[in-house]
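The values are calculated or read from the model by the stated rules, or taken from the named source; none is laboratory data. It should be emphasised that the depicted structure is a prediction, and the values quoted were computed from it without experimental measurement. We place every Cβ from the backbone using ideal geometry, glycine too, and count neighbours over all the protein chains shown. What goes into the accessible areas is simple: the full protein's heavy atoms, side chains included, and nothing from ligands, DNA or RNA. Shrake-Rupley method; radii C 1.70, N 1.55, O 1.52, S 1.80 Å.
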Amino acid sequence: MSNLKMDFRQPHARLADHFSFFYHFQQSDDRFEAVDRADYAQFRFILRGRNARYRFVDGTEQAMPDIYILGPTTGSSTLSCDGEAEAIGVGLMPLGWAALLPMDASAAANRLFDAKDLFGDIVVKVHEKLRATQDFDARVRIIGKMLVTLMARQQPVYQAFVGQVNEWLADATAPDINDLIELTGLSLRQVQRNCKRYFGSPPKELARKYRALRAAVAMTHGDPELDDLLANGFYDQSHVIREIKYFTGMTPRAFAEHPTELNREIAKRIALERQHPIRRRGVIT
């Protein structure tokens with residue numbers, strides 16, 4: 001019987017372009033360790049847990065603060081903790097990152113930041129409220145209200161560019177940087193700088209990451225776009241295997257046929273999105 005459980009909730013319409021999913025993580029083993037795929041940035045509140053740590057693709061290890069921002073991850077990571085653990089979090093898509101944080105996402109990639117230092121007392125009070133209730137939907141409302149308040153602090157000057165990059169990523173299996181330059185009307189240097197600011201990676205690395213993740217998801221779910229992704233997005237089979245393993249921590253066959261306990265739980269959010277699709281500008285949620 002699984003000792004790991006995750007539940008997910010979709011954001012309401014006002015937040016849907018900015019945040020992927022709210023999630024509730026619980027595990028009851030004496031020791032927990034799992035590999036997580038490359039992903040968007042995350043905003044998390046640790047409600048229970050001891051010695052929680054992240055080990056990133058570059059070998060850096062960090063202890064998890066009780067309230068933290070995880071920057072975008074550019075490869076698979078390992079997370080671990082001792083004893084029972086519980087956390088509430090939400091995925092920050094590029095618009096969400098830009099709406100909350102003034103720092104360049106590429107400078108924050110593969111690193112943890114104490115949210116108390118970034119946002120002050122508001123997150124401490126939210127943490128207390130989250131601990132005071134066991135109802136997941138009530139907790140989602142608490143975090144959602146906080147996000148709306150924090151978003152009001154930043155000026156929304158970034159939406160057009162982020163939307164154009166999402167369109168560029170979604171429209172081709174092998175996105176060409178020249179198409180993005182034409183779409184945005186910006187110079188190569190401006191495009192590279194803005195991609196690093198909001199997505200955490202330059203355009204070439206961003207396209208590589210999302211190509212691998214789209215292929216992994218398509219393999220797992222038997223999507224009809226899989227053949228096109230494999231034929232036009234990769235050089236050969238070894239390229240497919242190498243890229244998917246780098247960004248998910250598993251070979252394509254293992255990812256599809258023998259997913260980890262964590263990946264099986266994360267698959268719930270993909271199923272939720274497909275059962276109840278909502279309009280948003282993100283490419284992969």
(Q) Rolling a 1.4 angstrom probe over the protein chains, ignoring ligands and nucleic acids, what is the accessible area of S77 in square angstrom, nearest 10? (A) 0 Å²
Q. Of the accessible area of the range 128-199, with the probe set at 1.4 angstrom, what percent is carbon plus sulfur?
A. 47 percent
Q. Where in the range 34-72 does the label zone of E84 land, with the point 7 angstrom along Cα→C-beta and an amide N cut-off under 15 Å?
A. 47-50
**Q.** Net length gained if the chain between I241 and D30 were fully extended (0.36 nm per residue, minus Cα distance)
**A.** 72.7 nm
Q.
Run lengths n ≥ 4 of DSSP H only: what is the helix-derived mean residue ellipticity at 222 nm for the chain, with -39500 (n - 2.57) per run over all residues, to the nearest 500?
A. -14000 deg cm²/dmol
Q) If you plug each phi of the range 219-229 into the Karplus form 6.51 cos²θ - 1.76 cosθ + 1.60 with θ = phi - 60°, what whole-Hz ³J(HN,Hα) values come out, in order, with x for Gly and Pro? A) 5, 5, 9, x, 5, x, 6, 4, 4, 5, 4
Q: Rank G91, G49, G71 by mean-square fluctuation in a GNM of the chain with C-alpha springs under 10 angstrom and give only the top-ranked residue.
A: G49
Q) In Å², what does the accessible area per residue of the range 198-250 work out to with a 1.4 Å probe? A) 47 Å²
**Q.** For the range 2-84: rounded, prolate or oblate by the Cα gyration tensor [a/c cutoff 1.5]
**A.** oblate
(Q) What do you get for chymotrypsin sites (Phe, Trp or Tyr not before Pro) in the range 204-249 restricted to DSSP loop and a cutoff of at most 14 other Cβ within 10 Å of the site's Cβ? (A) Y235
Q: Please list, in chain and number order, the residues 5+ apart from G249 or on another chain whose amide H is under 5 Å from its amide H, with Hs placed from the backbone.
A: S76
Q: Using only the Cα atoms of the chain, build the gyration tensor, take square roots of its eigenvalues as a ≥ b ≥ c, and label the shape rounded, prolate or oblate: rounded if a/c is under 1.5, else prolate if a/b is larger than b/c, else oblate.
A: oblate
Q. What size of dipole, in debye to the nearest 20, comes out for the range 164-248 about its Cα centre when the only charges are +1 on Lys and Arg C-beta atoms and -1 on Asp and Glu C-beta atoms?
A. 660 debye
Q: List the residues whose amide H sits under 5 Å from the amide H of F19, counting only those 5 or more places along or on another chain, with H placed 1.01 Å from N in the peptide plane.
A: M93
Q) Quick one: which of K125/K209; K145/K196; K5/K125 span more than 32 angstrom between C-alpha atoms? A) K125/K209
Q | Probe 1.4 Å, protein heavy atoms only - accessible area per residue of the range 19-92 in square angstrom | A | 32 Å²
Q: For K129, list the aspartates and glutamates whose Cα falls under 20 Å from its own Cα; do not include residues on the same chain fewer than 8 positions away.
A: D7, D66, E86, D114, D117, D121, D137
**Q.** Rounded to whole Hz, the Karplus (6.51, -1.76, 1.60) HN-Hα couplings of the range 171-184, x for glycine and proline
**A.** 8, 8, 6, 9, x, 9, 4, 5, 5, 5, 4, 5, 5, 8
